[in-house]
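For reference, the structure is listed below as structure tokens.
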Amino acid sequence: MNDRHEPKGWNPYIAGALTGLLLVLSVWAAGKYFGASTTFVRSAGFVESAFSAERVARMEYFIKELPKIDWQWMFVVGIFFGSLIASSTSRSFRWQAVPTMWEQRFGPGRLKRGIVAFFGGAVAMFGARLADG
Amino acid sequence: MIDLTYGLITGIIFGFLLQKARVIRYDKQLGALRLLDMTIVKYMFTTILVAMVGVYLLKDLGLVKLSIKTTSLGGNILGGLIFGIGWALFGYCPGTSLGALGEGRYDAAWGILGMLGGAALFAELYPLMKKTVLTWGNLGKITLPQVLGINHWIVIAAMVVLGLLMFWFFEKKGL
């Protein structure tokens, strides 16, 4: 259920065009195209390094995508803050453990939603890395 | 260091626009997958069209370089299918999941942990994938204009026309 007082969002064509311009500017000014999934590889490498740094240093994929903070890592962190700023300044921030559409179909159980979200995230990331995108 | 600052600022603006367009939410993502609400397709395809024109314009002026990824039919098709299953279960994209967390939809946190696990699993299996799936139909770094042997602006014009027709269809059907 959407908050009845929540303001309507921006027109998706206008927001999309602005995002296109942002991408063009980014490529021009910083030489960077948008992406996110490599960041999860680097972060996984960070976490694993805490347990077994030597093993991570020998793994081919972590040699290809070194566990380090780079442009994209900051970009992904920025998405969090951008969304936080936009939602908290427009009465559209809302703590929600189970999405509305999910709840209508599968009920309000947080555990069920959490398990499926975790598993889905793992599968999605594996696929994204396999497709290299 | 300047790279990191650019990354953060670009991410903040991107996250701001994503949230304003209401495209981050589970209901919008699943709405598109269930063909009920095409908001995210409108947003994403407009971004692609504008960026395609802008980037190629700058490239023709010699100001930017393209970043072309290798086409591996095995990796792209299998990876795409697997991604689709995971995306439908999770209900957020890898990048936008951070935005979902930013607007308070904290079920995204479980999927973010899952994505770290998925990335770790892929890192384990990468040597195997490199020898198998990724070699299937490896076409190298190709582009559509190059494969078709025509000027890139013809391809861009065709994409713009296709995009506009799609938007017109969505609006007509009230999607």
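Each reported figure results from applying straightforward, stated rules to the coordinates on display, with no laboratory input. Computed from a prediction, not measured in an experiment: that's the story for all the values here. In this analysis, Cβ positions are derived from the backbone assuming ideal geometry, glycine residues included, and neighbour counts consider all displayed protein chains.
Once every DSSP H run of n ≥ 4 in chain A is given -39500 (n - 2.57) and the sum is divided by its residues, what mean residue ellipticity at 222 nm do you get, rounded to the nearest 500 deg cm²/dmol?
-22500 deg cm²/dmol
Evaluate E = 1/(1 + (r/R0)^6) for B:W136 and A:T89, where r is the Cβ-Cβ distance and R0 equals 45 Å; express this FRET efficiency to the nearest 0.05. Kindly include the intermediate steps, with their values, before the conclusion.
Details: r = 48 Å, r/R0 = 1.07.
In this case the efficiency is close to 0.40.
Counting other Cβ atoms within 10 Å, which trypsin sites (Lys or Arg not before Pro) in segment B:2-62 have at most 13 and lie in a DSSP loop? Please report the intermediate quantities before stating the final value.
Numbers: sites: B:K20, B:R22, B:R25, B:K28, B:R34, B:K42, B:K59; in loops: B:R22, B:R25, B:R34.
For trypsin sites (Lys or Arg not before Pro) across segment B:2-62 that sit outside H, G, I, E and B with at most 13 neighbouring Cβ atoms in 10 Å, the list reads B:R34.
For a Förster distance of 41 Å, can you work out the FRET efficiency between the beta-carbons of B:Y106 and B:N151, rounded to the nearest 0.05? Please report the intermediate quantities before stating the final value.
Numbers: r = 49 Å, r/R0 = 1.18.
For B:Y106 and B:N151, the calculated efficiency is 0.25.
With only alpha-carbon atoms counted, please give the Rg and Dmax of segment A:8-94, in Å.
Over segment A:8-94's Cα set, Rg and Dmax evaluate to 17.0, 51 Å.
Pick out, in residue order, every one of the chymotrypsin sites (Phe, Trp or Tyr not before Pro) in segment A:1-99 that is DSSP loop and has at most 13 other C-beta atoms within 10 Å; say none if there are none.
Values: sites: A:W10, A:Y13, A:W28, A:Y33, A:F34, A:F40, A:F46, A:F51, A:Y61, A:F62, A:W71, A:W73, A:F75, A:F80, A:F81, A:F93, A:W95; in loops: A:W10, A:Y33, A:F34, A:F93, A:W95.
Answer in residue order: A:W95.
At A:Q104 and B:L144, where each label point lies 7 Å from the Cα along Cα→Cβ, what is the point-to-point distance in nanometres?
So the two model labels end up 3.4 nm from each other.
Within segment A:58-92, report the trypsin sites (Lys or Arg not before Pro) that DSSP leaves as loop and that have at most 16 other Cβ atoms within 10 Å. Kindly include the intermediate steps, with their values, before the conclusion.
Values: sites: A:R58, A:K64, A:K68, A:R91; in loops: A:K68, A:R91.
Of the trypsin sites (Lys or Arg not before Pro), the ones in loops of segment A:58-92 whose Cβ has at most 16 other Cβ atoms within 10 Å are A:K68, A:R91.
Could you check the spin-label model distance between B:A158 and A:L25? Points 7 Å from the Cα along Cα→Cβ, value in nm.
A separation of 3.3 nm, rounded to one decimal place.
Per DSSP H run of n ≥ 4, the term is -39500 (n - 2.57); total these for chain B, divide by its residue number, and report the mean residue ellipticity at 222 nm rounded to 500 deg cm²/dmol. Walk me through the intermediate numbers first.
Values: 8 runs with 125 residues, N = 175.
Taken over chain B, the calculation gives -23500 deg cm²/dmol.
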